[in-house]
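Written out below as structure tokens is the structure these notes cover.
The values are calculated or read from the model by the stated rules, or taken from the named source; none is laboratory data. What you are looking at is a predicted structure, and each value in this text was computed from that prediction instead of being measured. All Cβ positions, even for glycine, are placed from backbone atoms using ideal geometry, and neighbour counts span all protein chains on display.
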Protein chains: 2
Amino acid sequence: MLTVIGIEGLPEIVPGDDLPALIAVTTDGRLEDGDILAVTSKIVSKAEGRLVAAADREDAITSQTVREVAARTAPDGRITRIVENPLGLVMAAAGVDASNVPEGFVLLLPEDPDASARAIAAAVRERSGLAIGVVVSDTFGRPWRAGQTDLAIGAAGVRVVEDLRGGRDDNGRDLQVTAAATADEVASAADLVKGKTSRMPLAVVRGLAHLVGPLDLPGARSIVRLGPLDMFRVGSEEAWREGYEAGLRAAATPVE
Amino acid sequence: MLTVIGIEGLPEIVPGDDLPALIAVTTDGRLEDGDILAVTSKIVSKAEGRLVAAADREDAITSQTVREVAARTAPDGRITRIVENPLGLVMAAAGVDASNVPEGFVLLLPEDPDASARAIAAAVRERSGLAIGVVVSDTFGRPWRAGQTDLAIGAAGVRVVEDLRGGRDDNGRDLQVTAAATADEVASAADLVKGKTSRMPLAVVRGLAHLVGPLDLPGARSIVRLGPLDMFRVGSEEAWREGYEAGLRAAATPVE
């Protein structure tokens, strides 16, 4: 059985807050061994002072863009930019957030969400004496599907991917599913409770003790899969244009 | 609070089984108003006789391919084909499954998983007298991230996307997140309990009664978003090659 419980009682987070200590105090006496805490990245960013003044939200997005993956201008003129950010995350607007932040500011993602997760997990483990894990989550759109889901952008003390390779099905054949993206599924399950508009940035996911381990397990950064295996390096239009230019150049190059 | 409980007791499903009736009987007395049943697509396919003899799994994939989105040959010669299938789902191998099926066969996805979900929901509602929803789930890889998650390929009596447009954040500003992909998050939460190798194709997700509604709500097909809004119509290599050919042709065309 899996249980997801929203944790109330965390104060409004402001820059400079010791979030690990606040979470350790707020969860005191409410956790069990093997619990996973799901923390919305927004409060991590706020505590870490990732608010930046932004007369132009686009400037903030550009500052967080390692590489533009795809861009599209809607009929109403609104621009959607899917970019790779410094964390290796491919997401709309580089994860720059303008909702639930003070007017005139936008919020960047935490600089190192795996480190943030480790700090939270360490503080909660020390205070509670329990082996717990932490997932820091943010909201992502997806190609080919409407709507957004929460995924893990930081993790500590949690097996972020459950490797099933080498496993056998009930008939003794190789399993085709090779790796369950457990940290992402935990983030999605927690999102069903935390919701979007309520002041509920913290939830405990109970019943997955088999996924909880040492704090030095690979973090959420290890979920990123870019490079040669990436079949969607850039959007179709962008790749088409690259190819078109290459075709024009090739045609213009005299054969030796 | 959200609870996910694996439901044991369903017999091994074989072609011709009345799955809605079997699920209604198995869940009898174990459900509450507002529950959502998560059903692994594999047992739906098996009941509906979607087993096909497949000397060559590739033939089965081709038969389920409306459009090839991307293909890649790994150094070991293994081919990965990401295709759009007749359900509008973009997924590896068109959802054709060879694990946990009899030797010499592969399993296709249900022909109309929304209809399958409606039949299950209707049978359970009739027997139990409860307003419950049904999500039929399958396993998907994702661009840019390792591992797979479960998503909803069929749904009945469930708000598959929770539209938050027009909502305001706590400061009265427009919410940037416009729609939570609730049915997909339900499928992912259930997958954490159902796992991959255990005989647990059925789970109940409790605590989301606000998402449960009439049986004629839009199904999972409505989550599909292809066409003009799709920035990843084909893989980067495929789009690049299309563009390259177009560039060569353009260069060869005399200017009038």
*Specify which of the listed residues (B:Gly34, B:Gly88, B:Gly16) is closer than 28 Å to B:Met231 by Cα, assigned to a loop (DSSP other than H, G, I, E, B) and out of contact with any Asp or Glu (no Cβ under 8 Å at 6 or more places or on another chain).*
B:Gly88
*From A:Asp169, A:Asp138, grab the single residue that is at pLDDT below 95 and of a type outside the set (A, V, I, L, M).*
A:Asp169
_Anything in the stretch B:1-55 that is within 14 Å of chain A (Cβ to nearest Cβ), of a type outside the set (A, V, I, L, M, F, W, C) and farther than 12 Å from B:Pro201 by Cβ? List them, or say none._
B:Thr3, B:Arg30, B:Gly34, B:Asp35
*asked:* Take the residues in the stretch A:209-232 that are facing chain B (nearest Cβ under 7 Å) and surrounded by fewer than 22 Cβ atoms within 10 Å (Cβ to Cβ); name whichever of them is farthest from A:Ala122 (Cα to Cα).
replied: A:Met231
*the stretch A:197-256, residues that are farther than 30 Å from A:Ala119 by Cα and in contact with a Phe, Trp or Tyr (Cβ under 8 Å, 6 or more places away or on another chain)*: A:Asp230, A:Phe232, A:Gly235, A:Ser236, A:Ala239, A:Trp240, A:Glu242, A:Gly243, A:Tyr244, A:Ala246, A:Gly247, A:Ala250
_Looking at the structure I just gave you, is A:Leu164 at the interface with chain B (Cβ under 7 Å from one of its Cβ atoms), modelled with pLDDT under 90 and surrounded by 17 or more Cβ atoms within 10 Å (Cβ to Cβ)?_
yes
*Can you tell me which residues in the stretch A:182-207 are closer than 13 Å to B:Val193 by Cα and crowded, with 22+ Cβ neighbours inside 10 Å?*
A:Thr182, A:Glu185, A:Val186, A:Ala189, A:Val205
*Name the residue, out of A:Leu87, A:Leu37, A:Leu108, that is in contact (Cβ under 8 Å) with a residue 12 or more places away in the chain, touching a Lys or Arg at 6+ places or on another chain (Cβ under 6 Å) and surrounded by 15 or more Cβ atoms within 10 Å (Cβ to Cβ).*
A:Leu108
*asked:* Condition check: without any contact (Cβ under 8 Å) to a residue 40 or more places away in the chain and either surrounded by fewer than 17 Cβ atoms within 10 Å (Cβ to Cβ) or among the β-branched types (Val, Ile, Thr) (or both). Does A:Asp18 satisfy that?
replied: yes
_Is it the case, given these coordinates, that B:Arg127 is at pLDDT 95 or above and surrounded by fewer than 19 Cβ atoms within 10 Å (Cβ to Cβ)?_
yes
_Name the residue that is surrounded by the most Cβ atoms within 10 Å (Cβ to Cβ), counting only residues in the stretch B:233-256 that are of a type in the set (Lys, Arg) and without any contact (Cβ under 8 Å) to a residue 24 or more places away in the chain._
B:Arg241
*asked:* Based on this model, can you work out whether A:Asp97 counts as among the acidic types (Asp, Glu) and within 11 Å of chain B (Cβ to nearest Cβ)?
replied: yes
*So which pairs qualify, if the first residue must be in the stretch A:191-220 and over 30 Å from A:Ser99 (Cβ atoms), the second must be outside any helix (DSSP H, G or I) and among the basic types (Lys, Arg), the Cβ gap must be under 9 Å, and the two must be at least 6 apart or on different chains?*
A:His210/A:Arg159; A:Leu211/A:Arg159; A:Val212/A:Arg159; A:Gly213/A:Arg159; A:Leu217/A:Arg159; A:Pro218/A:Arg159
_I'd like to verify a number: residues in the stretch B:91-137 that are in a loop (DSSP other than H, G, I, E, B) and touching a strand residue (DSSP E or B) at 6+ places or on another chain (Cβ under 9 Å), how many?_
13
*Hey, among the residues in the stretch A:62-80 that are assigned to a strand (DSSP E or B) and surrounded by 19 or more Cβ atoms within 10 Å (Cβ to Cβ), which one's nearest to the chain's Cα centre (by Cα)?*
A:Val69
